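The values are calculated or read from the model by the stated rules, or taken from the named source; none is laboratory data. Small disclaimer: the values here were computed from a predicted structure and weren't measured. Cβ coordinates were reconstructed from backbone atoms using ideal geometry, including for glycine residues, and neighbour counts include every protein chain displayed. For the accessible areas, the whole protein counts, side chains as well, though only heavy atoms, and no ligand, DNA or RNA atoms are used. Shrake-Rupley method; radii C 1.70, N 1.55, O 1.52, S 1.80 Å.
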Amino acid sequence: RNFAGDWIMEALSKSGPFQYASKEQRISFVVRAIQSIVVFTHGLRELYGAVGKCKGGIDSSVRWDRGAAILIGSNEGTERSGSPTGRGKMMFALGKEMCKHFSNCMVSGNSLNDQQLVDSLQKGLEFLESKDCDKALELIENGIRPELLVSLVQATLHFAMLNDLLSTGSTNGSLGAGFAFSQSIVPFVNLSDETSANLIGSNMNLQFIDDPVKDGAPAVFSAFATALVGIGVDCEDIGNYNGNLGLGVCSENPADTGSGTKTTLPDGTKSTSTSLADGLYTTTTYVQNRAEIALD
């Protein structure tokens, strides 16, 4: 089952779990599912594919560049830090959106996590160009993927906070967004702690009878605190929600029961380079057509 694609189609047709969902909830789910589930998985697939080509002795830069283009997107514009008006729609834009709520934005407006992501993408390209395929693979596993997961965790927590304020039967679109983001991260949490994954899923599912976030947002924070170490995410990279020390995912936060640990980083396409977000990442091949996908 292609759960992302199937759910998007069900949201569009108002069937399955969206049978009783409002128009706003269905729209929010589709937009956020594309941003989080589709872009995340497709971008990583391109990066892993680049490593596979590298190990096969085939030029891999084009696939790596495609992965970077998908994750950053074309709508970040010409500014060094990306779009100042929030026109971006991909994972890079999600990082900028969430850092405002978790107090980890840079002066430029980028999230600290986004900057680490861009640095990792550039470093990975260098590994591939020097045929150091194993280091590129290690970078994906211990650097790029956890850096992307940070934004998905933050987004799920953010919408847990928003949805916790809603009443039973609410038609607010944020319920659809919260459902999308939770489903982007729950499979990873499940590999670390099944109990935490079930709690996050049951609280962030679309609710039409029970109260939204039935156990309360702090329970979702605690569930992530327990599971983060198992998915390679440092709790300090998540930050505290709106500066509230009681709403974080590290052990010293009153709402939490666990902590994470920081890991250590180790075909017919034009040969013209493409500058993404005005030099934040510069590809070695032409991938503008990949960056300009429908949502972005």
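Some observations on this one:
- For segment 72-88, the count of residues that are at pLDDT below 95, within 20 Å of the chain's Cα centre (by Cα), surrounded by 23 or more Cβ atoms within 10 Å (Cβ to Cβ) and within 23 Å of Ile231 (Cα to Cα) is nonzero.
- The set of residues in segment 3-49 that are under 21 Å from Ile70 (Cα atoms), more than 14 Å from the chain's Cα centre (by Cα) and of a type in the set (Ser, Thr, Tyr) comprises Ser28, Tyr48.
- Members of segment 187-206 found to be at pLDDT below 95 and either β-branched (Val, Ile, Thr) or in contact with a strand residue (DSSP E or B) (Cβ under 7 Å, 6 or more places away or on another chain) (or both), listed by number: none
- Pairs where the first residue, in segment 180-205, is farther than 22 Å from Ala11 by Cβ and the second is open to solvent by 10 Å² or more (accessible area, probe 1.4 Å) and acidic (Asp, Glu), C-beta under 7 Å, 6+ apart: Leu199/Asp215
- Residues satisfying the stated conditions in segment 19-29, i.e. assigned to a helix (DSSP H, G or I) and surrounded by fewer than 21 Cβ atoms within 10 Å (Cβ to Cβ): Lys23, Glu24, Arg26, Ile27
- Test: residue in segment 162-171 that is open to solvent by 20 Å² or more (accessible area, probe 1.4 Å), touching a Gly at 6+ places or on another chain (Cβ under 8 Å), in a helix (DSSP H, G or I) and not β-branched (Val, Ile, Thr): yes
- Scanning segment 183-206 for residues that are touching a Phe, Trp or Tyr at 6+ places or on another chain (Cβ under 8 Å) and in a helix (DSSP H, G or I) turns up Gln183, Ser184, Val189, Ser196, Ile200, Met204.
- Any chance Gln154 is within 17 Å of the chain's Cα centre (by Cα) and part of a helix (DSSP H, G or I): yes
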